[in-house]
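*Asks:* Okay, handing you the structure first.
The values are calculated or read from the model by the stated rules, or taken from the named source; none is laboratory data. All values reported here derive from a predicted model rather than from experimental measurement. Note that we place each Cβ from the backbone using ideal geometry, even for glycine, and neighbour counts take in every protein chain shown. Calculation scope for accessible area: heavy atoms of the full protein, side chains included, ligands and nucleic acids excluded. Shrake-Rupley method; radii C 1.70, N 1.55, O 1.52, S 1.80 Å.
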Amino acid sequence: MNYSIWKGVIFMKNSTSHLIVEYVKKKKQVTAKELSDYLEITPRAVFKQLKKLVEINRLTKIGQPPKVFYLLAEDTKHVNRPVLSNHQNQLLDERFFWITPLGNIEKGVSGFSAWCTKFGLAVAKTAGEYEKTLQKYDKHKKDGVISGLQKMKKTFPRVYLDELYYLDFYAIERFGKTKLGQFLLYAKQSQNRAQIKELSSMVKARIQVIIKKHSIDAVGFIPPTVKREIQFMKELEKHLRVKQPCVSIVKVKTPVVVPQKTLNKIEDRVENARRTLIVDEKREYKNILLIDDAVGSGATLNETAKQIKDKQICRGTLIGLAITGSFKGFDVISEV
């Protein structure tokens, strides 16, 4: 046979694509430069072939320039688009998002099919279960947000926020982290400005709706507790570009930095927030919005709100808002 077939694509023996695949089989992982030297063709010609092979899932690539390696993609059976209802198709295209162990993004119906294939699940049946699970959690949403105030009232003897909202839950049963939960986790961990900007774009309009609805005239961003070269909250503040003045909230430096996410006891989280976060604000406002990335226990937002109330910085309504929050009561979202 002078040719091979991969997912309907014919590769002639000794064609450039065929030679690349055979070389990758032998070497396991290669760079474009290595292929260019081996085939004695220009880098441009190599990249053209590599792009085609990646698009048909014959090869996959890992890494970021200048260190990018190509290796054989998993030889999985081709999965046809499953027969789903129009609503399920729309639901998956809008809300399913999965970052694979290799760091590849899978989303929508095709991503859900890949997720089901990986875990040996029937796509159509699991899509129905996914739909029912989302319906269960969506019952907690009103006007596109989730109220977390009652959860905080069960955790703390006194709550200083007048309202607390999440844009979504961090995770749901069985299916794990939500789309916003995954975006938040990996944007923070990778310190990727492009991902942070994309996440900011996803939530910006919804935050603006809250600002308008509640006549917010000042916004406070909860400062980070983990030292990173690129700070998520700083980038979020920059991309949101709120027109309202920002309330000054300072994270006090201590000899040993103790991130909130490392504390498992509620009293320790309260003490950490009380002792290391200072609201350094002289102005007064009517309605203030405090923005945090994720709420587990709510200790940070509650202690910040206490300072604002004690210093009479807020004369009206004080609202907390998190991109994601936990479903159950006192919880620790240690990943973010």
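*Asks:* Would you mind finding the one in Lys197, Lys177 that is under 19 Å from Phe97 (Cα atoms), surrounded by fewer than 18 Cβ atoms within 10 Å (Cβ to Cβ) and under 12 Å from the mean Cα position of the chain (by Cα)?
*Replies:* Answer to the check: Lys197.
*Asks:* Looking only at the stretch 284-320, how many residues end up being more than 18 Å from Cys246 (Cβ to Cβ), modelled with pLDDT under 95 and not in a helix (DSSP H, G or I)?
*Replies:* Going through the stretch 284-320 one residue at a time, the tally reaches 5.
*Asks:* Sticking with this structure for a sec: Just to verify a result, which residue in the stretch 21-52, among those that are in a loop (DSSP other than H, G, I, E, B) and out of contact with any Leu (no Cβ under 7 Å at 6 or more places or on another chain), is most open to solvent (accessible area, probe 1.4 Å)?
*Replies:* Glu40
*Asks:* In the stretch 284-295, which residues are surrounded by fewer than 20 Cβ atoms within 10 Å (Cβ to Cβ) and of a type in the set (A, V, I, L, M)?
*Replies:* Result: no residue meets the conditions.
*Asks:* With (1) closer than 30 Å to Thr126 by Cβ; (2) modelled with pLDDT of 85 or more as the list, and Asn57 as the residue in question, which single condition is left unmet?
*Replies:* Condition not satisfied by Asn57: (2).
*Asks:* Turning to a different aspect of this structure: Taking the stated definitions as given, is Glu281 modelled with pLDDT of 90 or more and open to solvent by less than 30 Å² (accessible area, probe 1.4 Å)?
*Replies:* Taking the combined requirement at face value, the residue satisfies it.
Yes/no per residue for (1) among the β-branched types (Val, Ile, Thr); (2) over 21 Å from Asp143 (Cα atoms); (3) touching a strand residue (DSSP E or B) at 6+ places or on another chain (Cβ under 9 Å):
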| site | (1), (2), (3) |
| --- | --- |
| Gln208 | no, no, no |
| Val219 | yes, no, yes |
| Glu237 | no, yes, yes |
| Ile249 | yes, yes, yes |
| Val252 | yes, yes, yes |
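*Asks:* Collect the residues in the stretch 219-236 that are open to solvent by 10 Å² or more (accessible area, probe 1.4 Å) and out of contact with any Asp or Glu (no Cβ under 8 Å at 6 or more places or on another chain), keeping them in residue-number order.
*Replies:* Residues satisfying the conditions are Pro223, Pro224, Thr225, Val226, Lys227, Arg228, Glu229, Ile230, Gln231, Lys234, Glu235.
*Asks:* Related question: Return a yes/no flag: does the stretch 60-73 have any residue that is of a type in the set (Val, Ile, Thr) and in contact (Cβ under 8 Å) with a residue 40 or more places away in the chain.
*Replies:* Yes, the stretch 60-73 contains at least one residue that is of a type in the set (Val, Ile, Thr) and in contact (Cβ under 8 Å) with a residue 40 or more places away in the chain.
*Asks:* Quickly run through the stretch 105-130 and pick out the residues that are of a type outside the set (Gly, Ala, Ser), part of a helix (DSSP H, G or I) and surrounded by 17 or more Cβ atoms within 10 Å (Cβ to Cβ).
*Replies:* Val109, Phe112, Trp115, Cys116, Val123, Thr126, Tyr130
*Asks:* Kindly evaluate Ser215 against the criterion of being modelled with pLDDT of 95 or more, farther than 26 Å from Arg274 by Cα and open to solvent by 30 Å² or more (accessible area, probe 1.4 Å).
*Replies:* yes
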